[in-house]
1. Which whole number in µm²/s is D for the range 1-101 by Stokes-Einstein, with the Kirkwood Rh taken over Cα pairs at 4 °C and 1.567 mPa s?
2. If R₀ is 51 angstrom, what is the calculated FRET efficiency for the pair residue 185 and residue 108, using the beta carbon separation as r and rounding to 0.05?
3. At 7 Å along Cα-to-Cβ for each site, give me the label-to-label distance between residue 17 and residue 66 in nm.
4. For 255, 13, what ranking results if the residue with the fewest other Cβ atoms within 10 Å of its Cβ goes first?
5. Let me make sure I get this right: for the range 100-174, a, b and c are the square roots of the gyration tensor eigenvalues over alpha carbons, sorted descending. Under 1.5 in a/c it's rounded, otherwise prolate if a/b > b/c, else oblate. Which is it?
6. Neighbouring Cβ atoms within 10 Å as the yardstick, rank 334, 321 fewest first.
7. For an R0 of 22 angstrom, estimate the FRET efficiency from the Cβ-Cβ distance between residue 207 and residue 2 and round to the nearest 0.05.
8. What translational D, rounded to a whole number of µm²/s, comes out for the range 133-237 from Stokes-Einstein when the hydrodynamic radius is the Kirkwood one over Cα pairs, at 10 °C and 1.306 mPa s?
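What follows is calculated from the coordinates using simple rules that are stated; it is not laboratory data. Computed from a predicted structure; not experimentally measured. Methodologically, a virtual Cβ is constructed for each residue, glycine included, from the backbone with ideal geometry; neighbour enumeration extends over all protein chains shown.
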C-alpha cells in the first residue's frame, strides 16, 4: 500500500474513523496494531510471521537482559540477539549479493557456491534497526522493558513501517502508552503535512521520473548536457520522493496524535558534507551515530581511528541501502568525503578576506551540492560500468576506458580548492607554507600531482601574452 494512492487514503480514513468512534483505550491500541499488520500484509501476508517473530525475539531478549545481575552475561545475550537480527537481515537481503560476489572470485578455480534465491521482505532493513535499537536501549538502561503490545507497536506502527522515519524507542514508547485521542488540531496539522508530502511525491518526484527514467534506461544515446540535466533532476527527485514520503508518514502519525520528528531539514542548502548528513534522512543518521559510530569509538580515540570509524560507518550505510557494489561505492565516497572534511576543517587554514571571503559560502555550497549530486549516479544506476560511462560522458570522456574516473571524481575539486586557498591567503599578503610532514600537506601535494597527471592536456596552446 503506497501512501500516494487512493487505497492508502481510504485505509487511513477508516483507521481514523474507528479510533475517533472508540472509547476503550486498550481497544484502540489493539486495533491500531491490527491495522498495522493489515497494512504490512497488503504487500505480502507471508512475512507477517517474520515481523511477529523478530518482535517476539527482541521482546524476550530485552527482558532476559534486564534480569541479568552480571553485566558480562547481559552483554553476551545482547550480542547473540543482534547477531540473530543481522543474520535474518543478511539471509533475506544480502545472501545472494555475497554469494554472487564470492562466485566471481571462485570462478578462477572452478568452484561455485549455489545461489540462495529468497524473496526480500518489504521493510526488513527498517524493522531490523527498530528491534536492535530497542534491545540496545534496554541493555544501556535507557529504557525499561516494555509490554509486548508496546514493542509490537514500535516495530509495526504503519506510518513509519515501510521506509521510516526510524523511531527512537525511548521517545515513541511513552506515546504508545497514552490513550489515543484524535483532536482537530492534530488532524488538521497531519492532513496539511500529508498534503505537502503528496505534492512532493506526485507533482515533483513522479513527474521528474518521466524525464529521468527513459534517459537512464539508454544513457549512451544522449549527450552530455542531457545527462547533466538528468543527474540534477534526479537529485531533486530523490529528495522530493523521500522527504515527501517522510512528510506523509509523519502527517499520518500526527493525525492519530503521535509525534514523529522530521526526517529532512533542507539538506541541499548546506556548506559541507557533515552538515548534509545531519539534515538528510535524519533518523538514519542519528541511528548510525548512536548505535554504530559511538560504539566503534566515535571521535574519542584519535584522528586515525575517527577517520576509520567514519569510513566504516558510511560504507555500512551504503550497504544498508541496497545489496550491490554501487551502494558500497556510494557509501565509500561519502565516507571519504567526511574524512577529508574532518581533516581539512581541523587543519590550519589561513583567514580569508575581501571578495573571496564573501564568495566562500557559495563555493562551499557548490562543492557540497556538486559532490552529493554526482555521487547519486552510483545510487541510481546499479551497474558500475554504466554509472562510470554516464559520468565520463558528462565530463567529456565518452571515448575513455573509465578506469581513471574513480580517481578524477574524487580529485576534481582539489585544484580549485588549492587555488582558492592560495588566492585568499595572497590577499592578506601571505604565501601559505605547506608542511609536507602533516596529513593536510601530504594530501594536498599528492592530490595536486595526481590531478595534474590526469588533467594535463595532450596539446597545450601557447600563453596568450606570448603574442605581445
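1. The calculation lands on 77 µm²/s.
2. Given R0 = 51 Å and the Cβ-Cβ separation, E is 0.20.
3. 3.9 nm
4. 13, 255
5. Since a/c reaches 1.5 and a/b is larger than b/c, the shape of the range 100-174 is classed as prolate.
6. By the 10 Å Cβ count, ascending: 321, 334.
7. Working from the Cβ atoms, E equals 0.85.
8. Value of D from the Cα-based Kirkwood radius: 90 µm²/s.
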